[in-house]
Amino acid sequence: MRALVGGKGADWILENRDLPEQLGAVRVQVMAAGLNRADLYALEGSYTANSQGEGPFVAGMEVAGIVESSSLLAPHLPVGTRVMGITIGAFADYALCHPRMLVPIPDHLGFEAAASLPVGLITEHDALVTQAGFTAGDTVLIVGGTSAIGLIGIQLAKALGAGTVIATTTSDHKRAALLEAGADIAVNTATEDLADVVLAATDGTGVTITLDHVGGDLFLQLPAATAIGGTITSIGRLAGAVTTLDLDTVAFRRQRLLGTTFSIRTRTELGDVVAALADRVLPAVAAGKIVPKLDSVHPVDDAVTAARRLRDNGATGKVVLSFADAHTGPAPTPGPVANLFGGITQIGYVVRDIEALG
């Protein structure tokens with residue numbers, strides 16, 4: 001199979017590799033894979049997930065495709081099921097996936113659209129609901145709203161019953177994308193004072209929850225834009241990890257500051273994050289209330305251009321790699337590990353081995 005390998009230079013290297021096998025894993029024919037900032041950070045060596053080993057690695061973490069080899073741990077995902085999810089090694093013709101990290105793709109979505117959803121859904125739902133304690137009627141500020149994840153966050157907040165949703169950009173020509181995603185108010189932080197706009201839109205109180213994907217100098221304005229007793233959740237640091245903060249404002253307004261990342265979470269924790277989507281988020285996707293926003297789709301041999309588009313902040317929505325051309329013929333014969341699945345009776349071995357799966 002083809003695989004994009006990191007850890008060998010400034011860009012991914014396209015190599016031929018053996019098909020991956022792992023007892024207990026679901027092997028997926030990768031039809032499309034989404035690019036994320038973390039993929040770029042991993043390429044430059046500043047981000048390493050818990051399950052990533054030393055040395056060169058097959059890149060990618062967001063996958064959409066077809067189950068090619070099933071698992072005893074996933075009877076609900078038989079061979080042929082269209083799935084999307086997160087894993088390690090998504091930028092390849094085939095990827096191994098932990099059963100708990102996959103969910104079925106809604107019938108109306110194609111693979112490229114599906115590949116743009118998993119990271120955004122789990123990131124924004126975890127930050128908004130699990131961490132910040134969102135309830136219907138809350139007002140929400142999405143800082144960095146034109147990022148692929150931010151656009152999902154806007155739609156998610158609206159689908160879950162948010163009141164006013166305010167989102168930011170640094171470009172007037174991207175305002176339309178925020179409004180199309182469902183934001184009530186779009187703010188250009190390059191030309192407008194964020195706190196002034198938010199306070200004017202919320203009768204002077206500020207929003208109850210702020211989700212920040214930007215960090216950097218803009219973070220200083222967030223406490224003034226967030227309500228008394230409100231919550232600010234730091235998700236991304238597109239403008240840098242270092243900021244200044246007026247602690248008096250945080251203290252006087254009795255606010256909570258939270259930080260979140262998935263890089264250090266265990267397989268069990270990540271499985272719980274994916275499982276949390278089941279009740280309300282996945283039904284909202286199936287009902288068309290959360291719609292993927294595709295920026296561009298690139299063939300795997302054009303991955304350097306795809307990475308450059310994300311790195312240069314040129315994208316509005318998701319940049320996706322297509323692997324569909326590898327699966328126009330019959331699937332390869334499953335290897336010896338996959339053939340073992342039908343005869344395994346000691347399920348404990350499967351559970352043990354899958355804990356090592358990335």
In the stretch 291-315, the residues that are in contact with a His (Cβ under 9 Å, 6 or more places away or on another chain) and either among the polar types (S, T, N, Q) or closer than 12 Å to Ile149 by Cα (or both): Thr305
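For every residue, the table says whether it meets (1) over 17 Å from Val320 (Cβ atoms); (2) of a type outside the set (A, V, I, L, M, F, W, C); (3) open to solvent by 20 Å² or more (accessible area, probe 1.4 Å).
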position: Gly120; (1), (2), (3): no, yes, no
position: Glu124; (1), (2), (3): yes, yes, no
position: Gly133; (1), (2), (3): yes, yes, yes
position: Leu160; (1), (2), (3): yes, no, no
Which listed residue is out of contact with any Cys (no Cβ under 7 Å at 6 or more places or on another chain), in a loop (DSSP other than H, G, I, E, B) and surrounded by fewer than 23 Cβ atoms within 10 Å (Cβ to Cβ), from Leu43, Leu73, Leu14: Leu73
Lone unmet requirement of (1) open to solvent by less than 20 Å² (accessible area, probe 1.4 Å); (2) at pLDDT 95 or above for Gly137: (1)
Scope the stretch 160-212; condition under 25 Å from Gly259 (Cα atoms) and of a type in the set (Asp, Glu); matching residues: Asp193, Asp196, Asp212
Count of residues meeting criterion [open to solvent by 30 Å² or more (accessible area, probe 1.4 Å) and more than 15 Å from Ala167 (Cβ to Cβ)] in the stretch 209-237: 6
Selection count, the stretch 242-271, where residues are within 19 Å of the chain's Cα centre (by Cα), of a type in the set (A, V, I, L, M) and at pLDDT below 95: 2
Residue list for the stretch 154-203, filter: over 22 Å from Asp295 (Cα atoms), within 21 Å of the chain's Cα centre (by Cα) and among the β-branched types (Val, Ile, Thr): Val165
Subset tally (residues that are in a helix (DSSP H, G or I) and closer than 30 Å to Leu73 by Cβ) for the stretch 235-276: 9
Residue list for the stretch 277-290, filter: in a loop (DSSP other than H, G, I, E, B) and either more than 17 Å from the chain's Cα centre (by Cα) or surrounded by fewer than 17 Cβ atoms within 10 Å (Cβ to Cβ) (or both): Ala278, Asp279, Arg280, Ala287, Gly288, Lys289
Any pair with Cβ under 9 angstrom, 6 or more apart, that starts in the stretch 1-30 at a residue that is over 18 Å from Asp302 (Cα atoms) and ends at one that is open to solvent by 70 Å² or more (accessible area, probe 1.4 Å) and among the aromatic types (Phe, Trp, Tyr): Leu23/Tyr349; Gly24/Tyr349
In the stretch 222-241, residue nearest to Gly144 (Cα to Cα) [restricted to those that are among the small types (Gly, Ala, Ser) and modelled with pLDDT of 95 or more]: Ser234
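The values are calculated or read from the model by the stated rules, or taken from the named source; none is laboratory data. Note that the coordinates shown come from a computational prediction; the quantities given were computed from them, not determined experimentally. A quick note on method: Cβ atoms are made from the backbone with ideal geometry, for glycine too, and the neighbour counts reach across all protein chains shown. Heads up: the accessible areas ignore ligands, DNA and RNA and are worked out on the full protein's heavy atoms, side chains in. Shrake-Rupley method; radii C 1.70, N 1.55, O 1.52, S 1.80 Å.
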